[in-house]
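**Student:** Structure incoming, see below.
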Amino acid sequence: MRPRSLAPGVTAVVLAALLGAVPAGTARAADGTGGGPSGPLPLARLFDNRGIGDDAHPERADLDGSGGSLSAQDLTAAGWTPGRALTVQGARLTWPRTRPGRPDNVRAAGQSVRVGGRGDALAFLVTGTGGADVSGSGTVSYRDGTRSTYRLTAPDWRAGPAATKAVTLPHVNTPDGRLATPARLYAVTAALRAGREVASVRLPRAAGLHVFALSVRASGRGWSGSWAAATSGHPALGPWSDRTLRLVVHTSVGGPRVRLRFDNTFASAPVRIAGATVAVQAAGAGARRTPVALSFGRAPGVEIPAGAQAFSDPLAFAVPEDTNLLVSFHLPGTVPAAPVHRLAVQRSYLSEPGDHTADGSATAYTTVLTSWPLLTGVDVGGGPGAVVALGDSITDGTMSTTDANRRWPNVLAARLLGQRAVPRYGVLNEGISGNRVTAEVYAGDGISTDTSGVSALHRFDRDVLAQTSARTAIVFEGINDVRWQAGAGQVVAGLRELAERGHARGLRMLAATLLPCEGEARCTAAVDTERVAVNAWIRDAGVFDGVLDFDAAVRDPDHPARILPGYDSGDHLHPGDTGLAALADSVDLRLL
């Protein structure tokens with residue numbers, strides 16, 4: 001058993017002074033480190049590459065050394081405008097405040113960058129050139145004189161995976177004109193030592209690794225995650241125009257303050273929220289009291305760039321534990337597609353035209369929704385942090401009773417609230433129906449016809465590491481991999497990587513064994529052999545900090561290849577309400 005790591009730090013101070021660039025080379029020391037006799041410099045003072053060009057003058061930029069560059073017009077269309085602060089994976093990063101054709105990024109070559117603050121991670125906006133991933137090791141210097149190392153990998157701007165990108169642009173500029181081929185930028189994080197204030201960061205020496213922005217990500221101190229949902233795809237909608245969404249979400253822990261998180265994941269264009277409110281649900285779309293308005297940077301609304309997210313300002317609003325909230329937000333423009341969590345197992349509502357965020361009554365909300373678009377998190381003030389459940393449809397609540405909040409993470413949250421032996425953590429459900437550990441069902445770009453999400457490996461940073469004050473993660477995935485012919489070895493390798501990545505960030509990592517599914521069409525005897533092999537590894541390898549033996553909790557003792565009939569929803573793959581409760585009741589809370 002590994003000791004549980006303590007939560008890191010306090011509020012981060014993001015990188016300051018991403019201002020106008022200087023001519024290439026003027027800030028470099030003789031040894032090429034960029035620190036010089038005056039010490040570390042702000043990142044913008046070190047810019048030495050012109051990666052962004054105007055479509056009318058592509059020859060003025062050269063990101064990759066062969067004349068290829070990013071289009072300033074495409075970046076503007078995505079909402080990535082010069083000097084704009086972007087929040088990606090919980091980190092606030094400032095896009096370079098430079099004109100097209102001027103230096104806008106650093107080619108990582110050991111430069112020393114001035115950056116400060118305390119937090120749980122370094123955050124970079126990067127991309128690689130050269131046709132393959134580019135990696136290198138760098139160093140973090142802290143105010144107390146200590147240092148730590150980190151590893152930074154930048155996927156290639158044209159060949160890298162869509163699943164992990166921050167934003168995809170539709171074109172590449174060349175001196176001979178635009179190419180209709182995607183270009184991608186990535187948000188990448190690296191671990192910091194808990195509680196220590198950063199003084200500077202030395203970049204790796206890695207040819208082809210381009211850094212556009214850098215900051216310290218805040219640890220989420222003072223907040224606990226109470227509700228969350230993972231973005232599972234980017235399907236076509238409506239289109240919606242001048243509509244208000246009223247989403248129903250169920251809290252785990254409560255608190256005296258609230259903030260909401262909206263994600264424009266997988267998008268290619270910004271989305272505008274004109275206003276938002278929060279209220280406690282009375283019934284249906286009706287509020288118990290008048291909804292209370294939220295703000296964003298003291299403004300009533302916010303535009304969220306493609307691939308970015310927005311947190312509302314803290315609001316003094318008493319959030320009850322184990323209660324349904326109504327989160328309402330007005331979309332003033334036309335929204336033809338949006339990031340969604342498809343399987344809500346909860347009825348939410350869409351209004352007639354107009355801003356109905358302040359309505360206490362349900363009258364204007366005439367259409368029922370069965371998904372959660374755009375909203376991905378509800379945080380409350382105080383508390384000890386959160387447990388994150390990373391899973392597939394069984395965690396998502398497939399076959400549980402609609403509107404009843406009987407998913408196993410809901411039952412686990414209720415158990416935590418009813419005891420005092422361990423901290424009363426929030427429980428965040430990051431299950432996606434159909435999700436797999438190692439394979440993409442949705443590639444991560446464009447309008448999605450499937451909403452089973454990118455692989456657990458590719459969504460782990462966003463859906464676990466970036467969750468507010470995450471302390472422990474429960475990984476309960478793999479049955480869809482073996483049902484679709486992946487071998488136990490592939491699943492085990494993926495689970496091992498998740499454990500290692502979580503431990504590197506100080507998370508306590510737990511794994512749950514895979515449930516039997518004999519009787520379901522794809523659950524053949526050969527599939528069960530692979531499932532049993534995965535479970536044997538989970539139980540015996542000692543890679544995780546603890547094991548939740550969900551298999552043992554619901555299998556038929558007389559026929560262990562199937563779910564006990566009293567726990568089976570009827571499809572032989574998913575437990576019903578009683579079976580889901582049995583999973584949650586089997587958890588030894590001390591493991592959390």
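**Student:** Distance from a point 7 Å along Cα→Cβ of Ala541 to each backbone N in segment 574-592: keep the residues under 20 Å and list them by number.
**Tutor:** none
**Student:** Run the simple label-point estimate for Ala132 and Asp588 please: 7 Å along Cα→C-beta, distance reported in nm.
**Tutor:** It works out to 4.5 nm between the two label points.
**Student:** Counting only heavy atoms of the protein chains, get the accessible area per residue of the chain (1.4 Å probe) and round it to a whole Å² value.
**Tutor:** On the way: 21120 Å² over 592 residues.
It amounts to 36 Å² per residue over the chain.
**Student:** Are there trypsin sites (Lys or Arg not before Pro) in segment 242-295 that DSSP puts in a loop and that have at most 16 other Cβ atoms within 10 Å, and which ones?
**Tutor:** Details: sites: Arg243, Arg246, Arg257, Arg259, Arg261, Arg272, Arg288, Arg289; in loops: Arg288, Arg289.
Sites meeting the loop and neighbour criteria: Arg288, Arg289.
**Student:** Taking amide H positions as placed in the peptide plane 1.01 Å from N, state which residues far from Glu518 in sequence (5 or more) or on other chains have amide H under 5 Å from it.
**Tutor:** Here Arg562, Ile563 satisfy the definition.
**Student:** For a quick check: with amide H placed at 1.01 Å from N, whose amide H comes under 5 Å from Val271's, ignoring anything fewer than 5 positions away on the same chain?
**Tutor:** Ile304
**Student:** Same structure, new question: Counting alpha carbon pairs within less than 8 Å and at least 6 residues apart, what relative contact order, in whole percent, applies to segment 296-405?
**Tutor:** Normalised by residue count, the contact order of segment 296-405 is 26 percent.
**Student:** Compute the relative contact order of the chain as a whole-number percentage, counting only Cα pairs closer than 8 Å that sit 6 or more residues apart in sequence. Walk me through the numbers before you get to the answer.
**Tutor:** On the way: 1740 pairs, mean separation 79.8, N = 592.
In percent, rounded to a whole number, it is 13.
**Student:** Taking the Cα centre of each part, how many Å lie between segment 302-351 and segment 389-430?
**Tutor:** So the separation of the two Cα centres works out to 20 Å.
**Student:** From the backbone phi of segment 89-101, what are the Karplus-calculated ³J(HN,Hα) couplings (6.51 cos²θ - 1.76 cosθ + 1.60, θ = phi - 60°) in whole Hz, Gly and Pro given as x?
**Tutor:** 6, x, 9, 9, 10, 9, 5, x, 8, 10, 7, x, x
**Student:** Shifting gears a bit: Could you grab the relative contact order for segment 445-592? Cα pairs under 8 Å, six or more apart, rounded to a whole percent. Write out the running numbers ahead of the final one.
**Tutor:** On the way: 193 pairs, mean separation 31.2, N = 148.
About 21 percent, as a whole number.
**Student:** Would you mind calculating the gained length between Glu352 and Thr524 on full extension (0.36 nm times residue separation, minus the Cα-Cα distance), in nm to one decimal?
**Tutor:** Extending this stretch completely gives an extra 57.1 nm.
**Student:** Follow-up. Ordered by residue, what ³J(HN,Hα) values in Hz, to whole numbers, does segment 343-355 give under the Karplus form 6.51 cos²θ - 1.76 cosθ + 1.60, where θ = phi - 60° and Gly and Pro are x?
**Tutor:** Taking θ as phi minus 60°, the curve returns 9, 7, 6, 7, 7, 10, 9, 10, 8, 5, x, x, 8 Hz for segment 343-355.
**Student:** Another one. Counting only protein heavy atoms and using a 1.4 Å probe, what share of the accessible area of the chain belongs to carbon plus sulfur, as a whole percent?
**Tutor:** On the way: 10580 of 21120 Å².
Accessible surface attributable to carbon and sulfur in the chain totals 50 percent.
**Student:** Do the sum for the chain: with -39,500 (n - 2.57) for every DSSP H run of n ≥ 4, divided by all residues, what is the mean residue ellipticity at 222 nm, to the nearest 500 deg cm²/dmol? Please list the in-between numbers first.
**Tutor:** Working: 9 runs with 77 residues, N = 592.
Counting only the DSSP helices, I get -3500 deg cm²/dmol.
**Student:** Give a residue-ordered list of calculated ³J(HN,Hα) values for segment 566-574 (Karplus: 6.51 cos²θ - 1.76 cosθ + 1.60, θ = phi - 60°; whole Hz; x for Gly, Pro).
**Tutor:** Once θ is set to phi - 60°, the couplings for segment 566-574 become x, 9, 6, 5, x, 9, 6, 10, 10 Hz.
The values are calculated or read from the model by the stated rules, or taken from the named source; none is laboratory data. Computed from a predicted model, the values in this text were never measured in an experiment. As a convention, Cβ positions derive from the backbone with ideal geometry for all residues, glycine included, and neighbour counts pool all protein chains shown. For the accessible areas, the whole protein counts, side chains as well, though only heavy atoms, and no ligand, DNA or RNA atoms are used. Shrake-Rupley method; radii C 1.70, N 1.55, O 1.52, S 1.80 Å.
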